[in-house]
Amino acid sequence: MYDEESKLYCLISRYYDPEIGRFISQDSVEYIEPSSISGLNLYVYCCNDPINMYDPSGNFAISATLFISSIVVGSLISVVTSFYSSIKKW
């Protein structure tokens, strides 16, 4: 969500400054991944891969493919469940 007054984006747990292209607040320490190339940089977004990764909470990145797949699977389950319910009422 964009804040007109501060000109920052609030991404639930952190604020992003589009002018400098960085977060102005650090990520939570519990999400540090020392084994990752960017794991010790608390200002990084989506492991420096915003094309393939997604960070809905601002805390940790997940694969965009995994995120989209979970939405598709959830939608399919919902459709099948409602279809089954409509047949059962017949």
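The values are calculated or read from the model by the stated rules, or taken from the named source; none is laboratory data. Nothing here was measured: the structure is a model prediction, and the numbers come from that model. Backbone-built Cβ (ideal geometry, glycine too); neighbour counts: all protein chains shown.
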ask   = Out of (1) surrounded by 14 or more Cβ atoms within 10 Å (Cβ to Cβ); (2) within 15 Å of Ser13 (Cβ to Cβ); (3) modelled with pLDDT under 70, what's the single condition that is false for Ser38?
value = (2)
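Let's see how each residue does on (1) within 18 Å of the chain's Cα centre (by Cα); (2) within 24 Å of Leu66 (Cα to Cα); (3) modelled with pLDDT under 85:
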position	(1), (2), (3)
Tyr2	yes, no, no
Tyr9	yes, no, no
Ile12	yes, yes, yes
Glu19	no, no, no
Arg22	yes, no, yes
Ser28	yes, yes, yes
Ile32	yes, yes, yes
Cys47	yes, yes, yes
Pro50	yes, yes, yes
inquiry  = Anything in region 4-14 that is touching a residue at least 12 places away in the same chain (Cβ under 8 Å) and farther than 18 Å from Asp49 by Cα? List them, or say none.
reply    = Lys7, Leu8, Ile12, Ser13
